[in-house]
Amino acid sequence: MRTIGEIRFSRDHVWVRMDDDIRATIGLTDYLQEKLGEIYALKLPEEGEELIKEEAFSVVEAKNGRRELIAPISGEVIDINYEAVEVPEIINEDPLSEGWLLKVEMTSGPEFDDLFTEDEYTEHLSEEGELEEE
């Protein structure tokens, strides 16, 4: 059973927060923004576009390279954080709040349930040896 405000994580280091029963907010994890370094460019889909789980939906350009972001859930983009597009550093400064990327109306609730809980995500990072890199 999911709850409003619950955050889950993808193996590609994107977080998803439930806003209500069908809407969710998506952003980069703290781990990914640190690994990328200072973010200086961000390309997001337009409102009305469809995200398809496991497909690229964005490109981030940062000090440590360029990275495609993979959609953790499927759904229609209903809002974009234009401030993050204009001032991408806010993603580095506050990736879990002010630095959100998109709001999506989900097409499948179970996709959210398939994502990592915070504990599972922490375990995933340590299993991948990604925590040791820091």
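Laboratory data are not the source of any read-out in this text; all were calculated from the coordinates shown. Here the structure is a predicted model, which means the values were calculated and not measured. Positions of Cβ are backbone-derived with ideal geometry, glycine not excepted, and every protein chain shown enters the neighbour counts.
Scanning segment 80-110 for residues that are within 14 Å of the chain's Cα centre (by Cα) and acidic (D, E) turns up D94, E98.
Residues that are in a loop (DSSP other than H, G, I, E, B) and out of contact with any helix residue (DSSP H, G or I) (no Cβ under 8 Å at 6 or more places or on another chain) were ranked within segment 89-105; the one that is nearest to E38 (Cα to Cα) is D94. Just one of the numbered conditions (1) in contact (Cβ under 8 Å) with a residue 60 or more places away in the chain; (2) under 12 Å from the mean Cα position of the chain (by Cα) is not true of L44: (1).
Hey, could you check segment 106-124 for residues that are in contact with a Ser or Thr (Cβ under 8 Å, 6 or more places away or on another chain) and in a loop (DSSP other than H, G, I, E, B) and say which is surrounded by the fewest Cβ atoms within 10 Å (Cβ to Cβ)? Residue satisfying both the conditions and the ranking: S108.
Considering each residue of segment 58-70, count those that are of a type outside the set (D, E, K, R), in contact (Cβ under 8 Å) with a residue 24 or more places away in the chain and surrounded by 13 or more Cβ atoms within 10 Å (Cβ to Cβ), and give that number.
5
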